[in-house]
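**Student:** Take this structure, written in structure tokens, and hold onto it; I'll ask about it next.
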Amino acid sequence: MNQKLVNILLVEDDEVDVMNVKRAFSKNNIMNPLFVAGNGVEALEMLDDKIIPLPKIIILDINMPKMNGIEFLKIMRENEKLKNISVFVMTTSNEDSDKINAYNLNVAGYILKPLSFEKFLTSVATLKNFWQLCEM
Amino acid sequence: MEESEKKCQEELVALKKEFEEFIYIVSHDIKSPMRAISNITTWIEEDLGSVVNQDVLTNLGLLKNRVKRLENMMNALLELSRVERTELEFYELNIPKMISNCIALFDDTAHVDFQFKADLQQENCFTLGLKMQKVIMSVLDNAIRFNHEENRLVFVDVIENENDYEIKISDNGPGIPEQAIHKIFSIFYTVNSKDELDTTGAGLAISCKIMKLVGGKLEYAPGLSSGSVFTINWPKIITLKN
Amino acid sequence: MRNANILLVDNRKTTIENIKKSFLEIDSKHTLFSAENENEAWLMLDGTHKINPVPKIVLIDVNRTKKKGINLLNAIRNHPDLKSILIFVITDSDEDINKAAALNLNIAGYIPLSFESHKLNYFLSVLNDYWNIIEFSSQK
């Protein structure tokens, strides 16, 4: 299958969590171009000002400074250019309210960051298979 | 007089709420750097490869183990803070059935024999089912976990009093040394070193908090010749102070 | 994560049978309901045959029934209690006439696949694994 790899934007403020994702991607041979924004405001700037090519997938943390994930998601869904991007929430928040808000804004999935790296690797492997199924 | 009493009561409620929120925020926010430590340790292990000093590997293993303990303690604190905030649904419960189900959850545990007796007129009770289950599971877990006998025995006897159900859980384990008895309900206290047993020591603390919430009792007494006897008095009628 | 209710909407009996069989073979812990057309599906979501609790996932091929599939998705997205349902489009159609419309409705995935049984197991097990790693909010 000759698929062009879509761009992925990671919106995450914790530098170790960013390393987590990068490392898990590399271990799972995920070769998609990965861009990183430190919070919702930065992400919107990167997207609006076309600083980065438009991603098809956004991996979104919820608890971030300046603008949290849910606020970012609201704005994104009201933006013609951005509203159809697939969003996968990756967060430590196990709060029902966050899950409800995220699904109400039509995220494609809500994933809890596990404590161990090994578990995270497995989740990312599953994510990769899913993305390949959707031809991303 | 009434005015100041009312004010005291309001302050108490506010203080309790603040305490619950404090525990929640602390344990919730601390999880992030903890996860980072655990992950980075794994990466160091991986990056070191196969040719590495055994001591280094052992120490990294210890590091991960201690972080896991931290995680267990955080989860215990979170659970403690949630006792009065979650799973407060009342529903109709068949007490003997519920206890049998709890016992069945230990089916996979080797070398344990349960003897369950329930002598009840009113088997059904409209109560905080999940909380009751939690307490019984904690005490049952303790009865097994610290028992190193070849053949472990756990006796569960339930009788009905006028206003409550009395559930006695006894075991043929080592019992609790006298100097430790008053400490066992404190959070994180374990009689033995945590290096020997992988447990946070929070089960009884959480159970105690639940018993306070429902207006019941959880007490320890040494067994006749040896072992422990935990008695749970679960009230038939529960009024939640809100 | 836990056991979720899944509603499959497809007008081919064989497809439904194949998917049900596949679910059993991959040992999925989720519960599969099926509707043979969009009207029946709507009754199961918001009408006389309402599934309880409400399904968290809908599986549908929007390319099979002209506009009806998209109309159903639209109705789901506009309903206050149903709008957060995860929708996966699974299609074996070569012409994805309704793909753009579906993507506009924030579906969770657009999945071209084959409904032949031996390939189906793989596709559904990937989906099942995915459903197992994501969180759902507590049942309504």
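**Student:** Tell me yes or no: at least one residue of segment B:135-143 is within 14 Å of another protein chain (Cβ to nearest Cβ), surrounded by 12 or more Cβ atoms within 10 Å (Cβ to Cβ) and either more than 22 Å from B:Asn172 (Cα to Cα) or among the aliphatic types (A, V, I, L, M) (or both).
**Tutor:** no
**Student:** Out of everything in segment C:82-140 that is basic (Lys, Arg) and within 30 Å of A:Glu95 (Cβ to Cβ), what residue ends up being modelled with the highest pLDDT? So that I can check it myself, show each step before the final result.
**Tutor:** Looking only at segment C:82-140, we keep the residues that are basic (Lys, Arg), and these are C:83, C:99, C:119, C:140.
Next, from what is left, pick out any that are within 30 Å of A:Glu95 (Cβ to Cβ): C:83, C:140.
Details: C:Lys83: 89, C:Lys140: 52.
For segment C:82-140, the residue satisfying everything is C:Lys83.
Rundown of residues vs (1) more than 23 Å from B:Leu128 (Cβ to Cβ); (2) at pLDDT 90 or above; (3) of a type outside the set (S, T, N, Q), yes/no style:
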| residue | (1), (2), (3) |
| --- | --- |
| B:Lys183 | yes, no, yes |
| B:Ile187 | no, no, yes |
| B:Lys194 | yes, no, yes |
| B:Asp198 | yes, no, yes |
| B:Ile206 | no, yes, yes |
| B:Val214 | no, yes, yes |
| B:Glu219 | no, yes, yes |
| B:Asn233 | no, yes, no |
| B:Thr239 | no, no, no |
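**Student:** Within segment C:111-133, can you find the residues that are at the interface with chain A (Cβ under 10 Å from one of its Cβ atoms) and either assigned to a loop (DSSP other than H, G, I, E, B) or in contact with a Lys or Arg (Cβ under 6 Å, 6 or more places away or on another chain) (or both)?
**Tutor:** The one that is at the interface with chain A (Cβ under 10 Å from one of its Cβ atoms) and either assigned to a loop (DSSP other than H, G, I, E, B) or in contact with a Lys or Arg (Cβ under 6 Å, 6 or more places away or on another chain) (or both): C:Leu113.
**Student:** List pairs: first residue in segment C:116-129 and among the hydrophobic types (A, V, I, L, M, F, W, C), second residue part of a loop (DSSP other than H, G, I, E, B) anywhere in the structure, Cβ distance under 8 angstrom, at least six positions apart or on different chains.
**Tutor:** Qualifying pairs under 8 Å: C:Leu120/C:Leu113; C:Leu120/C:Ser114; C:Phe123/C:Leu113; C:Phe123/C:Ser114; C:Leu124/C:Ile26; C:Leu124/C:Ser28.
**Student:** Is it the case that segment C:47-61 has a residue that's acidic (Asp, Glu) and either crowded, with 21+ Cβ neighbours inside 10 Å or over 28 Å from A:Lys99 (Cβ atoms) (or both)?
**Tutor:** yes
**Student:** Quick one: B:Thr109 ticks every box in (1) among the β-branched types (Val, Ile, Thr); (2) modelled with pLDDT under 85; (3) outside the structural domain of B:Met132 (by TED's automatic domain parsing) except a single one, so which number is it?
**Tutor:** Evaluating B:Thr109 over (1) among the β-branched types (Val, Ile, Thr); (2) modelled with pLDDT under 85; (3) outside the structural domain of B:Met132 (by TED's automatic domain parsing) leaves (3) as the failure.
**Student:** Right, something else. Would you call A:Leu9 exposed (fewer than 15 other Cβ atoms within 10 Å of the Cβ) and aliphatic (A, V, I, L, M)?
**Tutor:** On the way: exposed (fewer than 15 other Cβ atoms within 10 Å of the Cβ): no; aliphatic (A, V, I, L, M): yes.
In short, no.
**Student:** To continue, here is another question. Please pick out the residue among B:Glu123, B:Glu89 that is within 16 Å of B:Asn233 (Cα to Cα) and at pLDDT 85 or above.
**Tutor:** On the way: B:Glu89 fails: within 16 Å of B:Asn233 (Cα to Cα).
Exactly one of B:Glu123, B:Glu89 is within 16 Å of B:Asn233 (Cα to Cα) and at pLDDT 85 or above, namely B:Glu123.
**Student:** Regarding segment B:153-161, can at least one residue be identified that is over 25 Å from B:Gly227 (Cα atoms) and of a type in the set (Asp, Glu)?
**Tutor:** Taking every residue of segment B:153-161 in turn, none turns out to be over 25 Å from B:Gly227 (Cα atoms) and of a type in the set (Asp, Glu).
**Student:** Right, here's the next one. How many residues does segment C:53-80 contain that are within 14 Å of chain A (Cβ to nearest Cβ) and out of contact with any strand residue (DSSP E or B) (no Cβ under 9 Å at 6 or more places or on another chain)?
**Tutor:** Count: 4.
**Student:** Just give me the residues in segment C:82-98 being in a loop (DSSP other than H, G, I, E, B) and more than 9 Å from chain A (Cβ to nearest Cβ), in sequence order.
**Tutor:** Kept after step one, since they are in a loop (DSSP other than H, G, I, E, B), are these residues of segment C:82-98: C:82-85, C:92-98.
Correct list: C:Leu82, C:Asp92, C:Ser93, C:Asp94, C:Glu95, C:Asp96, C:Ile97, C:Asn98.
**Student:** Please verify whether B:Leu77 is of a type in the set (A, V, I, L, M), out of contact with any Phe, Trp or Tyr (no Cβ under 7 Å at 6 or more places or on another chain) and modelled with pLDDT of 90 or more, treating the condition exactly as stated.
**Tutor:** Working: of a type in the set (A, V, I, L, M): yes; out of contact with any Phe, Trp or Tyr (no Cβ under 7 Å at 6 or more places or on another chain): yes; modelled with pLDDT of 90 or more: no.
Judged against the criteria, B:Leu77 is not a match.
**Student:** Going by the structure shown, is A:Met64 within 14 Å of chain B (Cβ to nearest Cβ), in contact with a strand residue (DSSP E or B) (Cβ under 9 Å, 6 or more places away or on another chain) and at negative phi? Give the derivation first.
**Tutor:** Working: within 14 Å of chain B (Cβ to nearest Cβ): yes; in contact with a strand residue (DSSP E or B) (Cβ under 9 Å, 6 or more places away or on another chain): yes; at negative phi: yes.
Taking the combined requirement at face value, the residue satisfies it.
**Student:** If you take the residues of segment A:13-29 that are assigned to a loop (DSSP other than H, G, I, E, B) and polar (S, T, N, Q), which of them is surrounded by the most Cβ atoms within 10 Å (Cβ to Cβ)? Steps first, please.
**Tutor:** The first filter runs over segment A:13-29 and keeps only residues assigned to a loop (DSSP other than H, G, I, E, B), leaving A:13-14, A:28-29.
Going one step further and asking which of them are polar (S, T, N, Q), we end up with A:28-29.
On the way: A:Asn28: 17, A:Asn29: 8.
For segment A:13-29, the residue satisfying everything is A:Asn28.
**Student:** For segment A:85-126, give me each residue that is within 7 Å of another protein chain (Cβ to nearest Cβ), crowded, with 18+ Cβ neighbours inside 10 Å and under 30 Å from C:Ala101 (Cβ atoms).
**Tutor:** A:Lys99, A:Tyr103, A:Asn106, A:Ala108, A:Gly109, A:Tyr110, A:Ile111, A:Thr126
**Student:** Specify which of the listed residues (A:Lys66, A:Lys27, A:Lys22) is more than 21 Å from A:Glu118 (Cα to Cα) and not acidic (Asp, Glu).
**Tutor:** Result: A:Lys66 is the single residue among A:Lys66, A:Lys27, A:Lys22 that is more than 21 Å from A:Glu118 (Cα to Cα) and not acidic (Asp, Glu).
**Student:** Within the group A:Val36, A:Val41, A:Val16, which residue is within 17 Å of A:Phe88 (Cβ to Cβ) and not aromatic (Phe, Trp, Tyr)? Lay out the reasoning, then the answer.
**Tutor:** Values: A:Val41 fails: within 17 Å of A:Phe88 (Cβ to Cβ); A:Val16 fails: within 17 Å of A:Phe88 (Cβ to Cβ).
Among A:Val36, A:Val41, A:Val16, only A:Val36 is within 17 Å of A:Phe88 (Cβ to Cβ) and not aromatic (Phe, Trp, Tyr).
**Student:** In addition: Filter segment B:131-189 down to the residues that are in a helix (DSSP H, G or I) and within 13 Å of B:Phe114 (Cα to Cα) and list them by number. If you could, list the steps in order and put the result at the bottom.
**Tutor:** Just the residues of segment B:131-189 that are in a helix (DSSP H, G or I), to begin with: B:131-145, B:178-183.
Selection gives B:Leu140, B:Asp141, B:Ala143, B:Ile144.
The values are calculated or read from the model by the stated rules, or taken from the named source; none is laboratory data. In this text the structure is predicted, and so the values were computed from the model without any measurement. Neighbour counts run over all protein chains shown; Cβ positions are idealised from the backbone, glycine included.
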